[in-house]
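The values are calculated or read from the model by the stated rules, or taken from the named source; none is laboratory data. Since we're looking at a predicted model, the values are computed, not measured. Cβ: placed from backbone, ideal geometry, glycine included. Neighbour counts: every protein chain shown.
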């Protein structure tokens with residue numbers, strides 16, 4: 001397997017949508033094992049699949065060939081789609097699952113996406129790294145065995161984003177710092193007891 005194939009594989013494994021599914025899967029697993037597939041399925045099928053299809057169509061129409069969202073229009077669609085999915089998830093978590101913690105997690109995650117959207121005027125930070133660091137730290141707070149593999153994988157993900165020329169080192173670092181900061185906020189807001 002050549003360097004580009006390994007980098008692409010790492011980038012797919014570390015995609016923000018994959019990180020969201022891991023995060024919801026493991027958080028819901030610790031809360032209500034009987035509902036884990038219903039909760040994770042809701043987020044994946046209702047939110048991420050339609051968003052992924054819309055983004056894929058947007059990228060393929062422009063024939064970028066990279067499958068990435070380097071074009072500003074694609075990134076804008078991604079930001080608004082993710083925020084919409086997170087708001088829809090918050091409503092579901094509040095009224096169906098009755099979990100204030102999942103509502104709070106959705107709101108904090110939406111804040112991370114909104115900050116990335118605002119900063120995109122100046123820097124196209126790596127959402128791959130933002131979501132990986134965020135998910136890894138949140139999951140490590142729940143159980144080290146859930147989050148540490150993601151955090152150990154993060155340097156390989158950073159390498160992949162650089163090797164594929166999707167981001168600069170500054171963009172990778174800024175994405176990591178955003179994920180760290182928002183995870184810190186979520187941990188600070190963590191319910192006691």
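Okay, here's what the table says:
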item	result
Conditions (1) closer than 23 Å to residue 44 by Cα; (2) surrounded by fewer than 21 Cβ atoms within 10 Å (Cβ to Cβ): number failed by residue 122	(1)
Criterion violated by residue 193 - all others in (1) at pLDDT below 95; (2) in a helix (DSSP H, G or I); (3) more than 16 Å from the chain's Cα centre (by Cα) satisfied	(2)
Matching residues, region 156-170, being in a helix (DSSP H, G or I), touching a residue at least 40 places away in the same chain (Cβ under 8 Å) and either more than 19 Å from the chain's Cα centre (by Cα) or surrounded by fewer than 21 Cβ atoms within 10 Å (Cβ to Cβ) (or both)	156, 159, 163, 170
Scan of region 30-49 for residues that are closer than 17 Å to residue 98 by Cβ and either modelled with pLDDT under 90 or touching a helix residue (DSSP H, G or I) at 6+ places or on another chain (Cβ under 8 Å) (or both), ordered by number	30, 31, 32, 33, 34, 35, 36, 39, 40, 42, 43
Residue 75 being in contact with a helix residue (DSSP H, G or I) (Cβ under 9 Å, 6 or more places away or on another chain), at pLDDT below 95, surrounded by fewer than 18 Cβ atoms within 10 Å (Cβ to Cβ) and more than 18 Å from residue 41 (Cα to Cα)	no
Selection status of residue 102, modelled with pLDDT under 95 and either closer than 14 Å to residue 23 by Cβ or surrounded by fewer than 17 Cβ atoms within 10 Å (Cβ to Cβ) (or both)	yes
Given (1) out of contact with any helix residue (DSSP H, G or I) (no Cβ under 7 Å at 6 or more places or on another chain); (2) in a helix (DSSP H, G or I), index of the condition residue 175 fails	(1)
